[in-house]
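This report refers to the structure that appears directly beneath it.
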Amino acid sequence: MGFISEFKEFAMRGNVIDMAVGIVIGGAFGKIVSSLVGDIIMPLVGLVTGGTNFTDMFIWLGEGDAPASLALAKESGAPYIGYGALISVIIDFIIIALAIFVVIKMMNSAQKKFEKQKVEEPAKAPEPSAEEKLLMEIRDAIKAK
């Protein structure tokens, strides 16, 4: 088997395609969560903490007085530690992990209900058709002779 045919077989497996779809959806979901955290949650946290903007938090390691904002610290080229962005990313991660946990929990619950429903309803044999009944009567009559 050649390299190309092996790759084609690998790429067309159901698991690989499902994984690719999951990665694409996960990327889009990550953008949604990042926007949720950056545009809604962090401003609310800042409001509760007295107007603190976490994304603009940094520790100045350069000479002299620290600049007024992270943007000015970046422009200066001097060393700094921007820990506010890390706080935002950690909150992103926690929200994504929580959302995935909830989805998996719901899927597991639905699967348990589905399996329970399967066990409770045993499969019944279908009722024979009129032709089948007639053929069985003929068979029984022949056996009786």
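The values are calculated or read from the model by the stated rules, or taken from the named source; none is laboratory data. No experiment lies behind these values; they were computed from the predicted model shown. Counting neighbours? That spans all protein chains shown, and the Cβs are built from the backbone with ideal geometry, glycine included.
On the given criteria, is residue 64 farther than 27 Å from residue 22 by Cβ and surrounded by fewer than 14 Cβ atoms within 10 Å (Cβ to Cβ)? Yes; evaluated as a whole, the condition is true for this residue.
Here residue 35 fulfils each of the conditions (1) of a type in the set (Ser, Thr, Tyr); (2) more than 26 Å from the chain's Cα centre (by Cα); (3) at pLDDT 80 or above apart from (2). Return a yes/no flag: does segment 23-31 have any residue that is in contact with a helix residue (DSSP H, G or I) (Cβ under 7 Å, 6 or more places away or on another chain) and either at pLDDT below 80 or not in a helix (DSSP H, G or I) (or both). Looking for residues that are in contact with a helix residue (DSSP H, G or I) (Cβ under 7 Å, 6 or more places away or on another chain) and either at pLDDT below 80 or not in a helix (DSSP H, G or I) (or both), one finds none in segment 23-31, hence no. Considering every residue within segment 72-81, establish whether at least one is touching a residue at least 12 places away in the same chain (Cβ under 8 Å) and either under 30 Å from residue 96 (Cα atoms) or within 33 Å of the chain's Cα centre (by Cα) (or both). Looking for residues that are touching a residue at least 12 places away in the same chain (Cβ under 8 Å) and either under 30 Å from residue 96 (Cα atoms) or within 33 Å of the chain's Cα centre (by Cα) (or both), one finds at least one in segment 72-81, hence yes.
The residue that is nearest to residue 81 (Cα to Cα), counting only those in segment 43-66 that are in a loop (DSSP other than H, G, I, E, B) and touching a strand residue (DSSP E or B) at 6+ places or on another chain (Cβ under 7 Å), is 58. Among the residues making up segment 91-145, those that are surrounded by 10 or more Cβ atoms within 10 Å (Cβ to Cβ) and either of a type in the set (Ser, Thr, Tyr) or in contact (Cβ under 8 Å) with a residue 12 or more places away in the chain (or both) are 91, 92, 95, 96, 99, 109.
Take the conditions acidic (Asp, Glu) and surrounded by 12 or more Cβ atoms within 10 Å (Cβ to Cβ) and apply them to residue 56. Does it pass? Judged against the criteria, residue 56 is a match. The numbered conditions (1) surrounded by 11 or more Cβ atoms within 10 Å (Cβ to Cβ); (2) under 30 Å from residue 83 (Cβ atoms); (3) not basic (Lys, Arg) are all true for residue 40 except (1).
Of all residues in segment 36-60, those that are closer than 30 Å to residue 78 by Cβ have Cβ atoms under 6 Å from Cβ atoms of residues that are surrounded by fewer than 16 Cβ atoms within 10 Å (Cβ to Cβ) and polar (S, T, N, Q), 6 or more apart or on another chain, in 46/52; 46/53; 56/69. Scan segment 70-101 residue by residue and report those that are of a type outside the set (A, V, I, L, M, F, W, C) and either in a helix (DSSP H, G or I) or within 25 Å of residue 31 (Cα to Cα) (or both). Of everything in segment 70-101, those that are of a type outside the set (A, V, I, L, M, F, W, C) and either in a helix (DSSP H, G or I) or within 25 Å of residue 31 (Cα to Cα) (or both) turn out to be 74, 75, 76, 82, 83, 84, 88, 92.
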